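Asks: This is the structure I have questions about; it appears just below.
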Amino acid sequence: MSRWSAIVGYSLVGAATQLVWLNFAGVTTVAATHYAVSETAIGWLAQVFPLLYVVLSIPCGLALDRWFRPALLAGAVLTATGALIRLGGDHFGWLLAGQLICAVAQPLVLNAVTGITGRYLAEKDRPTGIAIGTASIFAGMLMAFLLSAVFPTELDTMLVVTAAFC
(Lines give C-alpha, C1' and ligand atoms only; values in the text may rest on other atoms or scores of the structure.)
Protein backbone atom coordinates (compact mmCIF):
# COMPACT_ATOMS: atom_id res chain seq x y z
CA MET A 1 0.00 0.00 0.00
CA SER A 2 1.31 3.46 -0.89
CA ARG A 3 1.63 6.26 1.66
CA TRP A 4 1.41 9.40 -0.45
CA SER A 5 1.50 11.67 2.60
CA ALA A 6 5.22 10.90 2.93
CA ILE A 7 5.76 11.95 -0.69
CA VAL A 8 3.80 15.17 -0.15
CA GLY A 9 5.88 15.96 2.94
CA TYR A 10 9.10 15.18 1.10
CA SER A 11 8.01 17.34 -1.82
CA LEU A 12 7.35 20.33 0.43
CA VAL A 13 10.78 20.00 2.02
CA GLY A 14 12.42 19.54 -1.39
CA ALA A 15 10.75 22.71 -2.63
CA ALA A 16 11.82 24.55 0.54
CA THR A 17 15.50 23.75 -0.02
CA GLN A 18 15.37 25.26 -3.48
CA LEU A 19 13.35 28.26 -2.35
CA VAL A 20 15.99 29.14 0.25
CA TRP A 21 18.80 28.46 -2.23
CA LEU A 22 17.53 30.90 -4.86
CA ASN A 23 15.74 33.50 -2.73
CA PHE A 24 18.08 36.29 -3.75
CA ALA A 25 18.70 35.34 -7.37
CA GLY A 26 16.02 37.73 -8.63
CA VAL A 27 16.87 40.58 -6.28
CA THR A 28 20.66 40.52 -6.15
CA THR A 29 21.19 44.26 -6.68
CA VAL A 30 18.45 45.26 -4.23
CA ALA A 31 19.81 42.83 -1.63
CA ALA A 32 23.38 44.07 -2.08
CA THR A 33 22.25 47.64 -1.48
CA HIS A 34 20.02 46.69 1.44
CA TYR A 35 22.72 44.71 3.26
CA ALA A 36 25.57 47.04 2.22
CA VAL A 37 27.60 44.28 0.57
CA SER A 38 28.70 43.61 -2.98
CA GLU A 39 26.55 41.79 -5.51
CA THR A 40 29.25 39.11 -5.44
CA ALA A 41 28.59 38.59 -1.73
CA ILE A 42 24.89 38.14 -2.43
CA GLY A 43 25.83 35.69 -5.19
CA TRP A 44 27.73 33.63 -2.63
CA LEU A 45 24.47 33.08 -0.76
CA ALA A 46 23.49 30.84 -3.67
CA GLN A 47 26.94 29.49 -4.50
CA VAL A 48 27.39 27.81 -1.12
CA PHE A 49 24.65 25.34 -2.07
CA PRO A 50 26.33 23.57 -5.00
CA LEU A 51 29.73 23.81 -3.31
CA LEU A 52 28.53 22.11 -0.14
CA TYR A 53 26.41 19.67 -2.13
CA VAL A 54 29.50 18.37 -3.92
CA VAL A 55 31.43 18.03 -0.66
CA LEU A 56 28.59 16.54 1.40
CA SER A 57 26.75 14.42 -1.14
CA ILE A 58 28.54 11.14 -0.41
CA PRO A 59 28.53 11.47 3.41
CA CYS A 60 24.85 12.46 3.30
CA GLY A 61 24.10 9.53 1.01
CA LEU A 62 25.78 7.19 3.51
CA ALA A 63 23.76 8.72 6.34
CA LEU A 64 20.56 8.21 4.34
CA ASP A 65 21.52 4.59 3.66
CA ARG A 66 22.14 3.86 7.34
CA TRP A 67 19.58 6.08 9.07
CA PHE A 68 17.13 7.13 6.37
CA ARG A 69 14.31 8.62 8.40
CA PRO A 70 16.47 10.48 10.98
CA ALA A 71 18.81 11.78 8.25
CA LEU A 72 15.93 13.06 6.11
CA LEU A 73 14.27 14.57 9.17
CA ALA A 74 17.57 16.28 10.02
CA GLY A 75 17.58 17.77 6.51
CA ALA A 76 14.05 19.10 7.00
CA VAL A 77 14.85 20.55 10.42
CA LEU A 78 18.08 22.13 9.20
CA THR A 79 16.25 23.71 6.26
CA ALA A 80 13.64 25.28 8.54
CA THR A 81 16.28 26.30 11.09
CA GLY A 82 18.43 27.98 8.46
CA ALA A 83 15.45 29.86 7.06
CA LEU A 84 14.57 31.07 10.57
CA ILE A 85 18.15 32.10 11.34
CA ARG A 86 18.06 34.39 8.31
CA LEU A 87 15.41 36.36 10.21
CA GLY A 88 17.84 36.95 13.10
CA GLY A 89 18.74 40.47 12.11
CA ASP A 90 19.10 42.91 9.30
CA HIS A 91 22.72 42.01 8.66
CA PHE A 92 24.43 39.94 5.98
CA GLY A 93 25.98 37.65 8.61
CA TRP A 94 22.53 36.29 9.54
CA LEU A 95 21.81 35.55 5.89
CA LEU A 96 25.09 33.75 5.37
CA ALA A 97 24.72 31.69 8.56
CA GLY A 98 21.21 30.62 7.56
CA GLN A 99 22.27 29.82 4.01
CA LEU A 100 25.14 27.65 5.22
CA ILE A 101 22.83 25.65 7.46
CA CYS A 102 20.33 25.17 4.63
CA ALA A 103 23.12 24.24 2.24
CA VAL A 104 24.21 21.46 4.62
CA ALA A 105 20.62 20.21 4.63
CA GLN A 106 20.21 20.15 0.85
CA PRO A 107 22.07 16.88 0.09
CA LEU A 108 20.19 15.14 2.90
CA VAL A 109 16.92 16.11 1.24
CA LEU A 110 17.70 15.91 -2.46
CA ASN A 111 19.51 12.57 -2.22
CA ALA A 112 16.43 11.01 -0.61
CA VAL A 113 14.04 11.14 -3.57
CA THR A 114 14.39 7.49 -4.53
CA GLY A 115 14.70 6.34 -0.92
CA ILE A 116 11.43 7.92 0.12
CA THR A 117 9.56 6.37 -2.79
CA GLY A 118 11.14 2.96 -2.16
CA ARG A 119 10.07 3.01 1.46
CA TYR A 120 6.60 4.52 1.22
CA LEU A 121 5.19 3.63 -2.20
CA ALA A 122 4.12 0.40 -3.82
CA GLU A 123 6.39 -0.57 -6.68
CA LYS A 124 3.82 0.44 -9.31
CA ASP A 125 3.62 3.96 -7.81
CA ARG A 126 7.36 4.63 -7.48
CA PRO A 127 7.93 6.23 -10.90
CA THR A 128 5.11 8.69 -10.21
CA GLY A 129 6.49 9.37 -6.73
CA ILE A 130 9.97 10.06 -8.09
CA ALA A 131 8.48 12.38 -10.71
CA ILE A 132 6.51 14.29 -8.07
CA GLY A 133 9.51 14.56 -5.75
CA THR A 134 11.73 15.76 -8.56
CA ALA A 135 9.13 18.21 -9.84
CA SER A 136 8.87 19.71 -6.36
CA ILE A 137 12.52 20.70 -6.59
CA PHE A 138 11.77 22.74 -9.69
CA ALA A 139 8.61 24.11 -8.07
CA GLY A 140 10.80 25.48 -5.26
CA MET A 141 13.00 27.21 -7.81
CA LEU A 142 9.94 28.76 -9.43
CA MET A 143 8.65 29.88 -6.03
CA ALA A 144 11.93 31.67 -5.36
CA PHE A 145 11.67 33.67 -8.55
CA LEU A 146 7.98 34.40 -7.99
CA LEU A 147 8.65 35.68 -4.47
CA SER A 148 11.38 38.00 -5.72
CA ALA A 149 8.95 39.29 -8.37
CA VAL A 150 6.17 39.83 -5.81
CA PHE A 151 8.48 41.41 -3.19
CA PRO A 152 11.27 42.99 -5.28
CA THR A 153 12.17 45.56 -2.62
CA GLU A 154 10.57 44.02 0.48
CA LEU A 155 13.33 41.60 1.40
CA ASP A 156 12.20 41.19 5.00
CA THR A 157 8.73 40.12 3.84
CA MET A 158 10.25 37.73 1.31
CA LEU A 159 12.36 36.13 4.07
CA VAL A 160 9.38 35.81 6.41
CA VAL A 161 7.26 34.15 3.71
CA THR A 162 10.13 31.78 2.92
CA ALA A 163 10.66 30.90 6.59
CA ALA A 164 6.92 30.30 7.03
CA PHE A 165 6.96 27.92 4.07
CA CYS A 166 10.03 26.11 5.37
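Asks: Does segment 107-125 include one or more residues that are aromatic (Phe, Trp, Tyr) and open to solvent by 60 Å² or more (accessible area, probe 1.4 Å)?
Replies: Looking for residues that are aromatic (Phe, Trp, Tyr) and open to solvent by 60 Å² or more (accessible area, probe 1.4 Å), one finds none in segment 107-125, hence no.
Asks: Inspect segment 29-45 for any residue being open to solvent by less than 40 Å² (accessible area, probe 1.4 Å), hydrophobic (A, V, I, L, M, F, W, C), out of contact with any Ser or Thr (no Cβ under 6 Å at 6 or more places or on another chain) and under 19 Å from residue 106 (Cβ atoms) and give the result as yes or no.
Replies: yes
Asks: On the basis of being in a helix (DSSP H, G or I), without any contact (Cβ under 8 Å) to a residue 40 or more places away in the chain and either under 18 Å from the mean Cα position of the chain (by Cα) or under 18 Å from residue 18 (Cβ atoms) (or both), does residue 78 make the cut?
Replies: So residue 78 passes the test.
Asks: Go over the candidates 100, 95 one by one and state the one that is over 21 Å from residue 8 (Cα atoms), assigned to a helix (DSSP H, G or I), open to solvent by 60 Å² or more (accessible area, probe 1.4 Å) and not basic (Lys, Arg).
Replies: Checking each option against the conditions leaves just 100.
Asks: Anything in segment 66-92 that is among the aliphatic types (A, V, I, L, M), surrounded by fewer than 18 Cβ atoms within 10 Å (Cβ to Cβ) and in contact with an Asp or Glu (Cβ under 9 Å, 6 or more places away or on another chain)? List them, or say none.
Replies: Scanning segment 66-92 gives a single hit, 87.
The values are calculated or read from the model by the stated rules, or taken from the named source; none is laboratory data. As the structure is a prediction and not an experimental result, all values here were calculated from the model. Virtual Cβ from ideal backbone geometry, glycine too; neighbours counted across all protein chains shown. The protein model used for the area step is the full one, side chains on, heavy atoms only, and it has no ligands, DNA or RNA in it. Shrake-Rupley method; radii C 1.70, N 1.55, O 1.52, S 1.80 Å.
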